[in-house]
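For reference, the structure is listed below as structure tokens.
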Amino acid sequence: MTRENYKAVLLEPVTFYPKEQPNEQVSLGALNDIRAYIDAGVREVITKTLPTAPAAGPGVVRTRLALTAASVNKDLKAYQLIPIAFVFTMAKRAGGDSEYPVKLYVEAEMTDSVTGEVLAQTVREAQGIQVKGNEQVTLAMARPYIDRWKDAAHLEIVQRFGPTAKPAAK
């Protein structure tokens, strides 16, 4: 996948895969906010470097992204199963003081828009998002991690296509 072979990109909207699964800590509203923010960010980053195409065709890369996980992990760690640690962990959880990591994954696939040949695939994980007790996950919590993904995606696009690729006409 090089600038010589591909001159434009066909951006599909960011989707959920599997279907969005809201729960008590990740609402449907938060999932939709996160998905929309990722979608807008990807479009912003890609159109800085490559023109967009209205349809599939020769020299066009089809780009698909999916939000594949957004959940709070409340599993106990191995050391928390030791009896004394277990007691302290359960007391902390009962008091609402425990922090839990949030899992947020986005998968991307770039294919030749004519042949369907896979050109690139990637998975990005947001690491470091924490919620306390039963706190709700929000776009504000995820935004810094998504912004880092956008920066990494921009670097990858520039490496593949070069900084001289022209943005789409507006």
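Any read-out appearing in this document is the output of simple, stated calculations on the displayed coordinates, not a laboratory observation. Note that the structure is a prediction, hence the values are computed from the model and not measured. Using ideal geometry, Cβ is built from the backbone for each residue, glycine included, and neighbour counts are taken over all protein chains shown.
Listed highest first by mean packing, meaning other Cβ atoms within 10 Å per residue, what order do 36-43, 151-158 come in?
36-43, 151-158
Using 24 Å as the Cα-Cα cut-off, could you pick out the over-long pairs in Lys7/Lys103; Lys103/Lys132; Lys19/Lys103?
Check vs 24 Å cut-off fails for Lys7/Lys103.
Around Thr68, with a cut-off of 13 angstrom between Cβ atoms, what is the net charge of the other residues, counting Lys and Arg +1 and Asp and Glu -1?
With Lys, Arg at +1 and Asp, Glu at -1, the net is +1.
Given the peptides 45-55, 11-21, arrange them by the average over their residues of other C-beta atoms within 10 Å, most packed first.
Final packing ranking: 45-55, 11-21.
Lys48: which aspartates and glutamates have alpha carbons under 20 Å from its alpha carbon, excluding same-chain residues fewer than 8 sequence positions away?
Glu4, Glu12, Asp39, Glu109, Asp147, Asp151, Glu156
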